[in-house]
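In what follows, a single structure is set out as structure tokens and then discussed.
The values are calculated or read from the model by the stated rules, or taken from the named source; none is laboratory data. Just so it is clear, the model here is predicted, and its values are computed rather than measured. Note that we place each Cβ from the backbone using ideal geometry, even for glycine, and neighbour counts take in every protein chain shown. Surface accessibility is based on the protein's heavy atoms, side chains included, excluding ligands, DNA and RNA. Shrake-Rupley method; radii C 1.70, N 1.55, O 1.52, S 1.80 Å.
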Amino acid sequence: MRARRHSNAATLRDVRMLERSAHDDARRYGEIAALADTANGRLSGKDKISFETYIQSMYFDRMIEAANRRLGVMTNGRYELTRRRDALSKTGQSGLDLDVVDNYTGKARDAASLSGGESFKAALALALGLSDTVQSHAGGIQLDTMFIDEGFGSLDQESLRLALKALTELSGGGKLIGIISHVEELKDSIDAKIIVERGCEGSTLRIEA
């Protein structure tokens, strides 16, 4: 009985030491878990924005601001892009979704609801806005050339004119803008063209200036 009592006493000391250690570990884990949940956007009752998304959203706002200068020209001031602050659901991540403000109605809606031609103009404006943002934060790096692959076929005549106006102003600033398209109306608006023609023996190229 004496030997068992000594053994049980030693076991009790070990258990109490482990309990204190576990308590300290639990306290440290609670602090780290709260920090991790904050960084990963998992805090209950808070916006689901991770630290990475938070940083990206700062640059995204600058890109949207630059894009809206182009989109305003292409839509006669009707549309303006804005970053959605709230997620569509309580469980979803938020921070990088796009809405579009229709200045004719004064209401905002999901950018995915834009028509094909409107989506092209928004995408083109974002591409140009990205170019502006990269150049302003890349230590003097210049993006002097841009190629745009199709999309003009979804535009009506007025939208096509406004899109070309925006691109012409951009090319006048020392940039080379290349357009890859099948739209016949573009031919008269482009000074230098590379015409690709299919034949029985393969494709041929010719240059029109």
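Structure data summary
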read-out: Some residue of the range 166-186 being surrounded by fewer than 11 Cβ atoms within 10 Å (Cβ to Cβ), among the polar types (S, T, N, Q), out of contact with any Phe, Trp or Tyr (no Cβ under 6 Å at 6 or more places or on another chain) and within 18 Å of Gly72 (Cα to Cα); value: no
read-out: Considering residues of the range 60-89 that are open to solvent by 100 Å² or more (accessible area, probe 1.4 Å) and under 30 Å from Ala33 (Cα atoms) only, the residue modelled with the lowest pLDDT; value: Leu88
read-out: Subset of the range 147-159 (residues that are touching a Leu at 6+ places or on another chain (Cβ under 8 Å) and modelled with pLDDT of 80 or more); value: Ile148
read-out: In the range 38-67, the residues that are not β-branched (Val, Ile, Thr) and not in a helix (DSSP H, G or I); value: Asn40, Gly41, Arg42, Leu43, Ser44, Gly45, Lys46, Asp47, Lys48, Ser50
read-out: Residue match in the range 130-142 (condition: surrounded by 15 or more Cβ atoms within 10 Å (Cβ to Cβ), of a type outside the set (Gly, Ala, Ser) and either touching a Phe, Trp or Tyr at 6+ places or on another chain (Cβ under 9 Å) or not in a helix (DSSP H, G or I) (or both)); value: yes
read-out: For Arg109: the one exception among (1) open to solvent by 70 Å² or more (accessible area, probe 1.4 Å); (2) over 19 Å from the mean Cα position of the chain (by Cα); (3) at pLDDT 80 or above; value: (2)
read-out: Output for the range 164-206, where each listed residue is outside any helix (DSSP H, G or I), of a type in the set (Ser, Thr, Tyr) and in contact with a helix residue (DSSP H, G or I) (Cβ under 6 Å, 6 or more places away or on another chain); value: Ser181
read-out: Yes/no for Glu158 being closer than 29 Å to Arg78 by Cα, open to solvent by 90 Å² or more (accessible area, probe 1.4 Å) and without any contact (Cβ under 8 Å) to a residue 24 or more places away in the chain; value: no
read-out: Which numbered condition Val100 fails, given (1) at pLDDT 90 or above; (2) assigned to a helix (DSSP H, G or I); (3) open to solvent by less than 30 Å² (accessible area, probe 1.4 Å); value: (2)
read-out: Residue identified as of a type in the set (Ser, Thr, Tyr), surrounded by 13 or more Cβ atoms within 10 Å (Cβ to Cβ), modelled with pLDDT under 85 and farther than 29 Å from Arg161 by Cβ among Ser50, Ser44; value: Ser50
read-out: Candidates Ser94, Ser119, Ser57, filtered to the one that is at pLDDT below 90, within 15 Å of the chain's Cα centre (by Cα), surrounded by 15 or more Cβ atoms within 10 Å (Cβ to Cβ) and under 21 Å from Ser154 (Cα atoms); value: Ser119
read-out: Residues satisfying the stated conditions in the range 187-209, i.e. closer than 18 Å to Phe152 by Cα and open to solvent by less than 70 Å² (accessible area, probe 1.4 Å); value: Ser189, Ile190, Lys193, Ile195
read-out: Any chance Asp47 is over 28 Å from Gln142 (Cα atoms) and in contact (Cβ under 8 Å) with a residue 40 or more places away in the chain; value: yes
